Each structure stands twice: as structure tokens, then as C-alpha cells.
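Visitor: Input: one structure, supplied below.
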Amino acid sequence: MILVLSPAKTLDHRTPPTVAECSQPLLLEHAQILVDRLRRLSPAELASLMKISDQLAVLNATRYAEWARPFTPANAKQAVLAFNGDVYDGLDAASLSADDLHFAQARLRILSGLYGVLRPLDLMQPYRLEMGSRLLNERGRDLYAFWGERITAAVEDAVRAAAASVLLNLASEEYFRALLPQRLSVPVVQPVFEDWSGGRFRVVSFFAKRARGLMARFVIVNRLSEVAALEDFDSDGYAYAGPGATPGVLLFRRRR
């Protein structure tokens, strides 16, 4: 089983990493092309592109100006420890064992607007660039055009290296759009997390994000490889509710 996650907007490059082991991003040469393009934008242009405040635009202009290779533990941090949003609260990578992280390194891929695909222990310098950004570049009008089939190829390499039989999609729609599922050699399974709210079960974004991280942790800690084993997922009160109406969808529901 190969898992894909979205990145997080919030980053933590100040807390020391819990492990020393690290690796280099697989598509770093392509990330360099994007950084060179972003460096040509003013803070005002970055604010417009990313729909962020002037303060955040200045911060990210500074990040891209300071972005430098080679990546080392002195100027970068392992991706799974640097991301710090709802998904990563659920994953809680800092509490994973070294063996857990080795398992995750082979089977977890984080999709990224700047880096394309990141393994958990890949060093990453801070950035902000959402996959849906309409950044005009030498390959097209947006990041989907820029990455083309490269992200799919990297994920397929992971599938083949792990002899996986399925891809578990724990990413958002924005990021999963960067993949071409028809080019993968395995089927895609997508868990959907619903909470009882307003008299019905529905997806509540905050809770669903955290649940995706919890499921990633569940797979990693229990070394899961088969889809059927996901039915035992019960973190934070969720329980398997059966297949969804769409093929490949698994429903998990919770009454709080």
C-alpha cells in the first residue's frame, strides 16, 4: 500500500528534528526551476498569486531569495516533521519510532506544489506554493502543467519498489488532481470521513483533515498492506461504515 498526503501551509522549522536520518527530494532539479521563476515576482505579485497578506508575501519572497542548495540539516528539515497542519497533528510524526519512519519512507508520499513529491525524510526548505496556484511557467499556465506526468511517475516508482497493490488517497482534491490515476498500475482507494452534524452525516473539513493524518499513522504503525485491514480503523471514535456510492470510496463515520 502506498499512501499520498497533501502538504500543510503551516511549517515548523524551529523545533529540532527527532531523527538525524534524512534524504534529498527526488525532483529537486524541477523545484529549482520554480524557485527561479518565483524569485522574479515582487511581494505584491506573490500576494496576488497566492491570495495571501502583504506580510506573508514578504515572508515568502524572503524564503525564495534564501532558498539554496545543497539541502543539509543546517538549512532544511525533514518534510514530515516540518509540516504542521491538521493532517500532521493527526499523523504526529514526531512520536513515530525510527522503524515507523523507515516504513513511511518507503510507502508515504507527500504531494507538493514546489517539490512535486516528498518522502517523509526528504529535507525541505520552507516555502508556500499551493498546487492550485496559477503560476505561469515554461511548461504551461499552472503547476498541473508544470508537473505533468512527473508526480505520477514518482508515485508509480514507489508503488513498484514496494510491490504495493493499492494507492491510498489521503490527499485533498486539489493535490490529488496532480496525479493521473489511469497511469498507475494499481487501483486507488479513498477514505471519506464524515461526522454527525446538523442532523446528518457530512464531511467537516477540520475533522476530515485530522482523520486523514490519523489513518496514515494507523497504516504506518500497523504496517498495513491490504485494504481490508483499513476497516479496523477506529481512531478518535471513527468506525467503518461500508463502501461509498462511488467505486473505491470507503466511508468512516463518527458521532461526537
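Visitor: For residue 225 and residue 180 in one chain, what is 0.36 nm times their gap in residues minus the Cα-Cα distance, to one decimal in nm?
Guide: Here the answer is 14.0 nm.
Visitor: In bins 10 Å wide, starting from 0, what share of all Cα pairs of the range 33-73 does each bin hold, as a percent?
Guide: Per 10 Å bin, starting at zero, the Cα-Cα P(r) for the range 33-73 comes out as 32, 50, 17, 1 percent.
Visitor: With all protein chains present, calculate the accessible area of residue 29 using a 1.4 Å probe and round the result to the nearest 10 Å².
Guide: 120
Visitor: For the range 1-85, with only Lys/Arg (+1) and Asp/Glu (-1) charged at the beta-carbon, what is the dipole magnitude about the Cα centre, in debye rounded to 20?
Guide: For the range 1-85, the charge dipole is close to 100 debye.
Visitor: For the range 90-143, just the Cα set please: Rg and Dmax, both in angstrom.
Guide: 14.2, 42
Visitor: Please list, ordered by chain and number, the residues whose modelled amide H lies under 5 Å from the amide H of residue 108; skip anything fewer than 5 residues away on the same chain.
Guide: Answer set, sorted by chain and number: 3.
Visitor: Under unit Cβ charges (Lys, Arg +1; Asp, Glu -1), what dipole magnitude, rounded to 20 debye, does the chain have relative to its Cα centre?
Guide: Approximately 520 debye in magnitude.
Visitor: Express in % the proportion of alpha carbon pairs of the range 140-256 at distances exceeding 23 Å.
Guide: 35
Visitor: To continue, here is another question. In the chain, if every C-alpha pair distance is counted and binned at 5 Å from zero, what percent goes to each bin?
Guide: The calculated distribution, bin by bin, is 1, 6, 13, 17, 19, 17, 12, 8, 5, 1, 0.
Visitor: By the gyration tensor of its Cα atoms, with a ≥ b ≥ c the square roots of the eigenvalues, what is the shape of the range 50-100: rounded for a/c under 1.5, prolate for a/b over b/c, or oblate?
Guide: oblate
Visitor: Measuring with a 1.4 Å probe in the full set of protein chains, what accessible area per residue, in whole Å², belongs to the range 31-177?
Guide: So the range 31-177 comes to 41 Å² accessible per residue, rounded to a whole number.
Visitor: PRE reach from residue 36 (point 7 Å along Cα→Cβ): which of the range 62-76 fall under 18 Å by backbone N?
Guide: Within reach of a label on residue 36: 64-71.
Visitor: Can you run phi through the Karplus equation (6.51, -1.76, 1.60; θ = phi - 60°) for the range 91-105 and list ³J(HN,Hα) in whole Hz, with x for Gly and Pro?
Guide: 5, 6, 4, 5, 9, 6, 6, 4, 5, 4, 5, 5, 4, 5, 4
Visitor: Ok, one more. Give the distance, in whole Å, between the Cα centre of the range 104-121 and the Cα centre of the range 9-40.
Guide: One Cα centre to the other: 11 Å.
Visitor: Here's something else I'd like to know. With the crude spin-label approximation of a point 7 Å out along Cα→Cβ, what separation in nm comes out for residue 29 versus residue 161?
Guide: With each label placed 7 Å out from Cα toward Cβ, I get 1.7 nm.
Visitor: Once neighbouring chains are kept in place and the probe is 1.4 Å, which whole percent of the accessible area of the chain is contributed by carbon and sulfur?
Guide: In the chain, the share of accessible area belonging to carbon and sulfur is 50 percent.
Visitor: To the nearest 10 square angstrom, how much accessible area does residue 175 have with a 1.4 angstrom probe?
Guide: Here the accessible area works out near 20 Å².
Visitor: Show that you can apply the helix-only estimate: for the chain, add -39,500 (n - 2.57) for every DSSP H stretch of four or more residues, divide by all residues, and state [θ] at 222 nm to the nearest 500.
Guide: -10000 deg cm²/dmol
Visitor: Okay, moving on. Going through the range 189-256, which GluC sites (Glu not before Pro) have at most 16 other Cβ atoms within 10 Å and a DSSP loop state?
Guide: Of the GluC sites (Glu not before Pro), the ones in loops of the range 189-256 whose Cβ has at most 16 other Cβ atoms within 10 Å are 226.
Visitor: To the nearest 20 debye, what is the magnitude of the charge dipole of the range 169-240 about its Cα centre, counting +1 on the Cβ of each Lys and Arg and -1 on the Cβ of each Asp and Glu?
Guide: Using only the charged Cβ atoms, the result is roughly 280 debye.
Visitor: Still on this model: Ignoring ligands, DNA and RNA, how do 95, 23 rank by accessible area with a 1.4 Å probe, largest first?
Guide: Heavy-atom accessible area, descending, gives 95, 23.
Visitor: Another question, then. What is the ratio of the Cα radius of gyration of the range 1-149 to 2.2 N^0.38 Å, with N the residue count, to two decimals?
Guide: 1.02
The values are calculated or read from the model by the stated rules, or taken from the named source; none is laboratory data. Fair warning: this is a prediction, and the values are worked out from it, not measured in the lab. Because the Cβ atoms are built from the backbone with ideal geometry, glycine has one as well, and the counts that use them run over all protein chains shown. These area figures cover heavy atoms from the full protein model, side chains too; ligands, DNA and RNA do not enter into them. Shrake-Rupley method; radii C 1.70, N 1.55, O 1.52, S 1.80 Å.
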